[in-house]
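Q: Here's a structure for you.
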Amino acid sequence: MMNKGTLLLVHGAWHSPSCWDRLVPELEERGWRTSTVDLPSTWGDPQVGMYDDARAVRERLLALEGPVTVLAHSYGGVPVSEVAETVPNVRRLVYLAAHMLEAGEAVITPLGGPWFPEDAELLPAPDQPIETLYHDVPAAWAQAAVARLRPQSARAFTERQTRASWRALPSALIVCDDDRIMPELFIKRQLTMTEVVRHLPGDHSPFLSRPGELAGLVDEVTAALPARG
């Protein structure tokens, strides 16, 4: 089987690297080496924000040998966009139901401000998480995923990107067609940001609901993208 290089998996808000447990075997069967990073804004410290997450992503990328493709989910697209272009061995970016922001923007910017109280420091997981995040996930996996959700630093949503690495690196967007948590505003904007766009049916979390389909689509979009030389 052809070695496709390393795929760094970057989770979203409230999550941990355990969210990738169903996807990793599917990717490895297809010839990917996989690696993960644990974003510190999900560790329960309100003083930690997006820039701390970006440093964690960069440190992990620098520790990986050979060509790297990054798969970022949801909020994970923000720290990835902040640092990916600064690491020479990063070849491609794949945004999975993820934020693609411009330099100078934070997650709250396109919305005109925060959706949470301005004095909030730690944000609990969304209400009815199975309905909003995992409505297509098998029940046992969905319940386990909810049990692993962690409080999210509000600061991560307010710190502004200084780079937009998707402008510098070959990038693809995977849209989840029944995504109940990503605002439509973000999805419509992002459809214009890359020519490589693919769709998956179902919920915001296909790494749990349809891992085989997602792994196949990762293969498809990475094959469609040129690699940074």
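Q: For segment 90-119, give me the residue count where each residue is farther than 16 Å from Met182 by Cβ, in contact (Cβ under 8 Å) with a residue 12 or more places away in the chain and open to solvent by 30 Å² or more (accessible area, probe 1.4 Å).
A: Qualifying residue count, segment 90-119: 6.
Q: Right, here's the next one. Counting only residues that are of a type in the set (Val, Ile, Thr), touching a residue at least 60 places away in the same chain (Cβ under 8 Å) and crowded, with 18+ Cβ neighbours inside 10 Å, give me the helices (runs of 4 or more DSSP H) lying completely in segment 146-226 with at least 3 of them. Walk me through how you get there before you give the answer.
A: Details: elements: 184-190, 206-209, 211-224.
Passing ranges, in order: 211-224.
Q: Which residues, counting only those in segment 1-41, are of a type in the set (S, T, N, Q) and not in a helix (DSSP H, G or I)?
A: If we filter segment 1-41 for residues that are of a type in the set (S, T, N, Q), which is where we start, we get 3, 6, 16, 18, 34-36, 41.
Asn3, Thr6, Ser16, Thr34, Ser35, Thr36, listed by residue number.
Q: Being of a type outside the set (S, T, N, Q), outside any loop (DSSP other than H, G, I, E, B) and surrounded by fewer than 17 Cβ atoms within 10 Å (Cβ to Cβ) narrows it down to one of Glu131, Glu85, so name that one.
A: Working: Glu85 fails: surrounded by fewer than 17 Cβ atoms within 10 Å (Cβ to Cβ).
After ruling out the rest, the residue left standing is Glu131.
Q: Also, quick follow-up: When the residues of segment 42-65 are narrowed to those that are touching a Lys or Arg at 6+ places or on another chain (Cβ under 8 Å) and assigned to a loop (DSSP other than H, G, I, E, B), which ends up least open to solvent (accessible area, probe 1.4 Å)?
A: Kept after step one, since they are touching a Lys or Arg at 6+ places or on another chain (Cβ under 8 Å), are these residues of segment 42-65: 42-44, 46-50.
Now narrow it down to the ones that are assigned to a loop (DSSP other than H, G, I, E, B): 43-44, 46-49.
Numbers: Trp43: 153, Gly44: 30, Pro46: 36, Gln47: 102, Val48: 22, Gly49: 0 Å².
So the residue we want is Gly49.
Q: When you scan segment 48-64, do you find a residue that is in contact with a Phe, Trp or Tyr (Cβ under 9 Å, 6 or more places away or on another chain) and among the hydrophobic types (A, V, I, L, M, F, W, C), even just one?
A: Narrowing segment 48-64 to residues in contact with a Phe, Trp or Tyr (Cβ under 9 Å, 6 or more places away or on another chain): 49-50, 53.
Going one step further and asking which of them are among the hydrophobic types (A, V, I, L, M, F, W, C), we end up with 50.
Scanning segment 48-64, I find at least one residue that is in contact with a Phe, Trp or Tyr (Cβ under 9 Å, 6 or more places away or on another chain) and among the hydrophobic types (A, V, I, L, M, F, W, C), so the answer is yes.
The values are calculated or read from the model by the stated rules, or taken from the named source; none is laboratory data. Keep in mind the model is a prediction, meaning the values are calculated, not measured. Note: ideal-geometry Cβ built from the backbone for every residue, glycine included; neighbour counts use all protein chains shown. Heavy atoms of the whole protein, side chains included, go into the accessibility calculation; ligands, DNA and RNA do not. Shrake-Rupley method; radii C 1.70, N 1.55, O 1.52, S 1.80 Å.
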